[in-house]
Amino acid sequence: MDRRTNKNNHPLVCLLSTHPLILEEFAKKLARSHLTVKAFRLRQVFFEDVNRLAVPTAKVYVVDGHDHFATVLVGALVNRFPNSRVIVLSEKFTDANAFPLLELGAKGLLDYSEAAEQLPQAVKTVAEGGFWVERQLLSRFMDSIVHTTRHRLAKAGPSRLSPREREVLGCLLENLSNKEIARKLNISERTAKFHVSNLLTKFDVRRRVDLVMLQFHDQGS
């Protein structure tokens, strides 16, 4: 796993918003949780400008979803920094505004009231490879895309998995990080990462959350 941390091994977090008060409020909150934070104030940009923004490299990006170009920004961040994670904040998440963000690869969705209490823990969880999305919302998103992913289940069923891969898959369904998987199965973190990568390849998905959603649907069908 790519690690961008400070000398105390805390993940570097980059906050992005057009609103200075939002940047200040959440930067202070994260700093109190001993996270290294960089606040990046955005200007009103057009689509063609997003990929040229001088955004610092970070482990986790926290994007203010109140801005109308947040979806474009999330897509650009995922493409430019594929080893980083993205969390989006918004006043309220509905299926209409959350599903596109999850499709793009956002790992966390929090409304502002939740972020006031949960953002530091969400950042730490997402930085470790997990995700922070309200379960019912995630379930509805899974249902909305299942018709395009069912063939992946047929392509890589349980019979094609080794005993160790089935154990690792079980750990992923528990939302464990690679480090936690390694500790639970008494293997090295590098070996855990290797098995996770193999599982993603076998199920023809790019993200851990996609694999989890496929398995939840398979168990419920």
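Where a number appears in this text, it was derived from the coordinates with a stated rule and is not lab data. Remember, it's a predicted structure, so these values are computed and weren't measured experimentally. All Cβ positions, glycine included, derive from the backbone under ideal geometry; neighbour counts span all protein chains shown.
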For the pair residue 95 and residue 206, the simple spin-label estimate (label points 7 Å beyond Cα toward Cβ) gives in nm 2.4 nm
The range 161-214: D in µm²/s via Stokes-Einstein (Kirkwood Rh, Cα pairs, 10 °C, 1.306 mPa s)?
-> 147 µm²/s
Residues with amide H under 5 Å of residue 111's amide H, sequence separation 5 or more or different chain, H placed in the peptide plane at 1.01 Å from N; which?
-> 90
So for the range 12-133, what percent of the C-alpha to C-alpha distances run longer than 24 Å?
-> 15 percent
With DSSP loop assignment and no more than 16 other C-beta atoms within 10 Å, the trypsin sites (Lys or Arg not before Pro) in the range 49-110 are 52, 92
Links that overshoot a 24 Å alpha carbon limit, given the list 124/193; 59/193; 92/202; 124/184; 29/124 | 92/202
In the neighborhood of residue 178, defined by Cβ-to-Cβ distances under 9 Å, what is the net charge if each Lys or Arg adds +1 and each Asp or Glu adds -1?
-> 0
Per-residue ³J(HN,Hα) for the range 51-61, Karplus 6.51 cos²θ - 1.76 cosθ + 1.60, θ = phi - 60°, Hz, x for Gly and Pro | 5, 9, 5, 7, 7, x, 6, 9, 7, 10, 10
Sort out for me the Cα centre separation of the range 68-139 from the range 175-193, rounded to whole Å.
-> 24 Å
Contour minus Cα-Cα span, residue 43 to residue 83, at 0.36 nm per residue, comes to 11.9 nm
